Amino acid sequence: MTLRLRLSLWYGTLCALALSVVAVVGYSVSVREQYLALDRLLVVSGRIVENGIRTYGRSYALETDTLGSTKDGVVMVMRSYSPKGELMYMSPSDPGLPHGHPDAPLRAPAPPAYQKVLPLRFFQSSVVTPKNSAFGTLVVDDQRWRRYVIRAIRKGRTVGYVETLSPLTRLDAAALNMARLLAQLVLFSVLAVLLIGWWVAGAALRPVARLIDAARAISQSHDLTSRVQTTGNRDELGRLAVTFNDMLGSLQAAWKSQQRFVGDASHELRAPLTVMRGNLELLRRHPHLPEADRGEMLGEIERETSRMTRLVEDLLLLARSDAGATLQRLDVPLRDVALEALRDARQLSAHHVFELWAADELYTVQGDKDRLKQLLLILLDNAVKYSPAGSTITVELLRSPAQTVLLVRDQGSGIPAADLPHVFERFYRADPARQRDSGGAGLGLSIAQWIADQLDARLEVSETGPGGTTFSLAFDVPETVGNHLPQPAQD
Ligand code: ADP
């Protein structure tokens, strides 16, 4: 079922419910009041006649025909009976209605007259009848007559009965007509609301239909550059279109960066493969090369193999990071990690001086020890690569109540200002020609950045210039811990 149809049906159902309630309440109240008004008239008229009989032994009201026939028919009939129940007098309006013993209704009073046309008990109420009087119903030729009987009592003795009658034909017919009219009105209104709802829902959902068409066209053409037409309205649908376009934008960016990543990765992998293939071909074509040349070629193949292994490992790690891999969070003593990383870094270069500056206190952070060491080694490896032999590389640990900071400082020539915003990008190398020899593919800092992000730490170039570069890795100290720790370390 379409949303448009569902909305229209909802409108229709709600409208049908609301109108039905209004119609039922309106019908019940108005019909009940008309029947009760008739009952009241019968009571009042009966009391007048009864009063006459009790006071004078006869009633003039019986003889007058003020409530007699009108052009619509008889309005009221009055009759009086002897104490034994014999018919004594009747008003001239009596069309010859049958009569029985008048105390029948007194023994078994009839329910309110509207019950036949208003079956709902909830709306029922009736006229209070005085003592020794009751309502009854008379059916003559399929026509109902409302009947009210009073037993006239003087000095404790029954002196007669008074009966007032009025036909219910007109009221019954009016109630039936009203019920029919209301039902038709409700039906007609619901149909109208259904049609209007269908039209309104269609108009309201038109932008959604446009969005669906656009999305379908994009998914068929795979063209992420196309955009949905926006109306400029700030309503929900306007915002949906803008959000949809934003989503297309980020998909496009992700798609582009994915393509760039694959392109860069294949490019990086091609270089060592070319070197290896060249050397292998030479070795195959000249099996009797001097031992020294063979050794050099095999050495180069070995170097390129390990370069490629490193590259593939880095690529795998980045692919995992893209897939949403997370790092574990355990207490890691940063000082121990720094010491281990420095020990490994000394293997990288015997021509640099490595130092660790740290006050003798715990620098515990939350993280993954191996990944933290990897991050540190990336920074140390870069420091080795981009600073001259004989210079000093320093790892420094600092602590304030709010932060634990690790600095890696070298005495290289610094990062050019133009390259600074890009060094954390994948495959970015400030000087590719020079740096290919250094073995880097431009992935180190992006991996370091991912590790830092995962551990909620901030990795940035805090200082760079002709005197060297300093990378800083800052961890926020959780408040509960920070409040109890000693003041910053000073070296
Ligand atoms: P690479 O594998 O090439 O070292 P990185 O992502 O680690 O890739 O670094 C990106 C670029 O940032 C490097 O190519 C280099 O130009 C620059 N860079 C990184 N660290 C330093 C540093 N300590 N001194 C100078 N330049 C640096």
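The values are calculated or read from the model by the stated rules, or taken from the named source; none is laboratory data. The structure presented is a predicted model; accordingly, all values stated were derived computationally and were not measured. A quick note on method: Cβ atoms are made from the backbone with ideal geometry, for glycine too, and the neighbour counts reach across all protein chains shown. Ligands, DNA and RNA are excluded from the accessible area calculation, which covers all protein heavy atoms including side chains. Shrake-Rupley method; radii C 1.70, N 1.55, O 1.52, S 1.80 Å.
Among Lys385, Lys373, which is the only one that is without any contact (Cβ under 8 Å) to a residue 40 or more places away in the chain and not β-branched (Val, Ile, Thr)? From the options Lys385, Lys373, the qualifying one is Lys373. In the stretch 389-407, the condition of being at pLDDT 95 or above and within 26 Å of Ser306 (Cα to Cα) is met by at least one residue.
For Arg294, the stated conditions do not hold, so it cannot be described as open to solvent by 50 Å² or more (accessible area, probe 1.4 Å), more than 23 Å from Val262 (Cβ to Cβ), in contact with a strand residue (DSSP E or B) (Cβ under 7 Å, 6 or more places away or on another chain) and part of a helix (DSSP H, G or I).
The single condition among (1) open to solvent by less than 70 Å² (accessible area, probe 1.4 Å); (2) in a helix (DSSP H, G or I); (3) not assigned by TED's automatic domain parsing to the domain that holds Met76 that Val228 does not satisfy is (2). Take the conditions (1) in contact (Cβ under 8 Å) with a residue 40 or more places away in the chain; (2) under 17 Å from Val44 (Cβ atoms); Ala134 misses just one of them, which is (1). Restricting attention to the stretch 399-432, the residues being in contact with a strand residue (DSSP E or B) (Cβ under 6 Å, 6 or more places away or on another chain), part of a loop (DSSP other than H, G, I, E, B) and within 9 Å of the ligand (Cβ to nearest atom) number 4.
Of all residues assigned to the stretch 250-267, none qualifies as being surrounded by 12 or more Cβ atoms within 10 Å (Cβ to Cβ) and among the β-branched types (Val, Ile, Thr).
When you go through (1) more than 16 Å from the ligand (Cβ to nearest atom); (2) closer than 23 Å to Arg335 by Cβ one by one for Gln374, which number turns out not to apply? That leaves (1) as the condition not met. Check Asp360, Asp368 and return the single one that is away from the ligand (no atom under 16 Å from the Cβ), in the same structural domain as Phe475 (by TED's automatic domain parsing) and either open to solvent by 50 Å² or more (accessible area, probe 1.4 Å) or at pLDDT below 90 (or both). Going through Asp360, Asp368 in turn, the sole match is Asp360. Exactly one residue among Ala441, Ala383, Ala448, Ala457 is near the ligand (Cβ under 8 Å from one of its atoms), buried (at least 17 other Cβ atoms within 10 Å of the Cβ), more than 22 Å from Ser257 (Cα to Cα) and of a type in the set (Gly, Ala, Ser), and that residue is Ala383.
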